[in-house]
Amino acid sequence: MSGSNDSALRDVMDTETVNSDGAAAPAGSLRELLYVAFPLIISAGSLSLMNAVDRAFLAVLDIDALAASMPASMMLWTSLSLPLGIAGYTNAFVAQYEGAQRKDRVASSIWQGLLVATLGAAFILPFVIFSKEVFAFMEHESRVQVLEVEYFCYVAPSALPMLAATVLSSFFAARKETLAVMYVNVGTSILNGVLDYLLIFGVAGFPALGIRGAAVGTVIAQVVAVVVFSVLLIRTARRESYPFGETFGFDPPLLRRMLFYGFPNGIQMVLDVGAFTAFLALVGRLGTLEQAATNLAFTLNSLAFVPMLGMGTAVLTLVGRRVGEQRPELATRTVWGAMAISGLYMIGFAGIYLTIPETILSPFMHSQERDMFAEIEPIVIQLLRFVAVYTLFDAMAIVFGSAIRGAGETRFSMIYTVTMSWLLMVLPTLWIVQTSQSLYSCWIAATVFIIVLGIGFLVRFLQGKWKTMKVIEHQEEYTLP
């Protein structure tokens, strides 16, 4: 690339993000980070809130339904983690191709991601076919097992639209049009909540489906999300000349690259989510009371944790874009800004968990089984103290882990996360359940795992290997638009 072209390209890049008020956000600035991250945080937070609302509805319905909802949901995520991890990594490819000014490769990346999503939906079939055996293996109480199988089988059709929506949303998130992602996800969450209320309890002429209603509401909401994302993508492609028509089809070299980098990301998700599913399954062996308390604690934890996944997506996006532009020094600035914001946010939630746990628990305490919830409340309050201890380290794992994955370092992320989760959390919990049967000891193991995970990703980020990595193929020249 000639010196004059390089200078011109950098001038364009330096002021490429324009906020809704028309003001430019310099590349690598805190303003750019907030512009990209805030809608993603709201988007992820809306999903977290909706999960909490769903569980509150189920708590009103039946404590067994509440106990069954988390293991069944985790089983859904476990069955879809491999294709979801690969499909979700489309974001990194789109971000780096955008940074390299290559619209044709952006479009082709989306097509390959949708191919992965379509094929990946089949991963859920074995879990559906053998769902009774899978949940029986967890050895939960018989009534809870029935509800786990019922919910899982009815929510399974959401697999394809969920994967497709992940790919389609990456087109907007990776291009820093995160407001579109926010509007669709918030709207989907609201629709999901309304449908859950109508279908769980049979309101306004709808059938009272119980726990099945929560699953059906999720399926419908995910299909609507795919339709809306598709319409928005078609409009953007026409307006900004992305060649989706010309690039439609199977691109073996690109798909191989996406699988090479995305597969470890998917394996990490499989075994990471699988580790937490195993943790929940083992805790469930202690009894329905312990299982329900753990489900509630993780649900309240998700109010802090899940919105930060939006920050993680923003970090992955901006690091990928800066790597595509060959400017990793700006990525470093972005990552530390993200850590400062995430750390303050998590510390704030830790304060809430420690000082007003009864307040955030109150929406779940309106079940007819008040005596049971009276027993659960002090247990959950104690578990939230564990959550308060590890929240900051959760933020470290999200921010620094997303940073190195955005550059392409997915293999280290996979090996480290999987090793630590099973070595420090699952195996100790298995031993505890078989010996002391102490719920709090199980949570100590989970807390230690998250602390070690956060510290490990920080150390890996500081080592700086990610600065020399790139997931896209090399190109000698960039073409200015």
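All conditions but one from (1) over 28 Å from Val144 (Cα atoms); (2) modelled with pLDDT of 85 or more apply to Leu286; the one that does not is (1).
If the condition is being aliphatic (A, V, I, L, M) and open to solvent by 10 Å² or more (accessible area, probe 1.4 Å), then the stretch 61-75 contributes Leu61, Met70, Met74, Met75.
Among (1) of a type in the set (S, T, N, Q); (2) more than 19 Å from Phe172 (Cβ to Cβ); (3) in contact with a helix residue (DSSP H, G or I) (Cβ under 9 Å, 6 or more places away or on another chain), there is one condition Thr317 misses while meeting the rest; what is its number? With respect to (1) of a type in the set (S, T, N, Q); (2) more than 19 Å from Phe172 (Cβ to Cβ); (3) in contact with a helix residue (DSSP H, G or I) (Cβ under 9 Å, 6 or more places away or on another chain), Thr317 is out only on (2). Any residue in the stretch 143-150 that is over 29 Å from Arg405 (Cβ atoms), touching a helix residue (DSSP H, G or I) at 6+ places or on another chain (Cβ under 6 Å), of a type outside the set (Asp, Glu) and open to solvent by 70 Å² or more (accessible area, probe 1.4 Å)? So far as the stretch 143-150 goes, yes, one or more of its residues are over 29 Å from Arg405 (Cβ atoms), touching a helix residue (DSSP H, G or I) at 6+ places or on another chain (Cβ under 6 Å), of a type outside the set (Asp, Glu) and open to solvent by 70 Å² or more (accessible area, probe 1.4 Å). Residue under question is Phe305, and the condition is that it be open to solvent by 10 Å² or more (accessible area, probe 1.4 Å), outside any helix (DSSP H, G or I) and touching a residue at least 60 places away in the same chain (Cβ under 8 Å); does it hold? When the stated conditions are applied, Phe305 does not pass them. Helices (runs of 4 or more DSSP H) fully within the stretch 18-127 that include at least 1 residues being in contact (Cβ under 8 Å) with a residue 40 or more places away in the chain, among the polar types (S, T, N, Q) and over 19 Å from Ser169 (Cα atoms): 30-61, 63-88.
The set of residues in the stretch 116-141 that are among the hydrophobic types (A, V, I, L, M, F, W, C) and either open to solvent by 90 Å² or more (accessible area, probe 1.4 Å) or in contact with a Leu (Cβ under 7 Å, 6 or more places away or on another chain) (or both) comprises Ala117, Leu119, Ala121, Phe123, Ile124, Leu125, Ile129, Phe130, Phe137. Just one of Val146, Val134 is at pLDDT below 85 and either over 18 Å from Ala237 (Cβ atoms) or out of contact with any strand residue (DSSP E or B) (no Cβ under 7 Å at 6 or more places or on another chain) (or both); which is it? Val134 is the lone residue from the list that is at pLDDT below 85 and either over 18 Å from Ala237 (Cβ atoms) or out of contact with any strand residue (DSSP E or B) (no Cβ under 7 Å at 6 or more places or on another chain) (or both).
Residues that are farther than 26 Å from Glu409 by Cβ and open to solvent by less than 30 Å² (accessible area, probe 1.4 Å): does the stretch 86-95 have at least one? No. Scan the stretch 248-256 and give yes if some residue there is touching a Pro at 6+ places or on another chain (Cβ under 8 Å), in a helix (DSSP H, G or I) and without any contact (Cβ under 8 Å) to a residue 24 or more places away in the chain, otherwise no. No, because not a single residue in the stretch 248-256 is touching a Pro at 6+ places or on another chain (Cβ under 8 Å), in a helix (DSSP H, G or I) and without any contact (Cβ under 8 Å) to a residue 24 or more places away in the chain. The numbered conditions (1) aliphatic (A, V, I, L, M); (2) within 18 Å of the chain's Cα centre (by Cα); (3) open to solvent by 10 Å² or more (accessible area, probe 1.4 Å); (4) farther than 24 Å from Thr447 by Cα are all true for Leu318 except (3).
Going by the structure shown, is Val323 modelled with pLDDT under 90 and surrounded by 24 or more Cβ atoms within 10 Å (Cβ to Cβ)? So Val323 passes the test. Evaluated against (1) of a type outside the set (Val, Ile, Thr); (2) outside any helix (DSSP H, G or I); (3) in contact with a Lys or Arg (Cβ under 7 Å, 6 or more places away or on another chain), Leu316 falls short on exactly one condition, (2).
Assess whether Leu344 counts as being free of Cβ contacts under 8 Å to residues at least 60 places away in the same chain, surrounded by fewer than 21 Cβ atoms within 10 Å (Cβ to Cβ), farther than 30 Å from Ile432 by Cα and aliphatic (A, V, I, L, M). In short, yes. Filtering Ala292, Ala338, Ala297, Ala331 for residues that are surrounded by 17 or more Cβ atoms within 10 Å (Cβ to Cβ), over 22 Å from Leu34 (Cα atoms) and modelled with pLDDT of 85 or more leaves a single hit, Ala297.
Quick check on Leu163: is it at pLDDT 90 or above, open to solvent by 50 Å² or more (accessible area, probe 1.4 Å) and farther than 22 Å from Ala68 by Cα? Taking the combined requirement at face value, the residue does not satisfy it.
The values are calculated or read from the model by the stated rules, or taken from the named source; none is laboratory data. Because the structure is a prediction, the values reported are computed rather than measured. FYI the Cβ positions are ideal-geometry reconstructions off the backbone, even for glycines, and counts take in every protein chain you see. Surface areas here come from the heavy atoms of the whole protein model, side chains and all, with no ligands, DNA or RNA. Shrake-Rupley method; radii C 1.70, N 1.55, O 1.52, S 1.80 Å.
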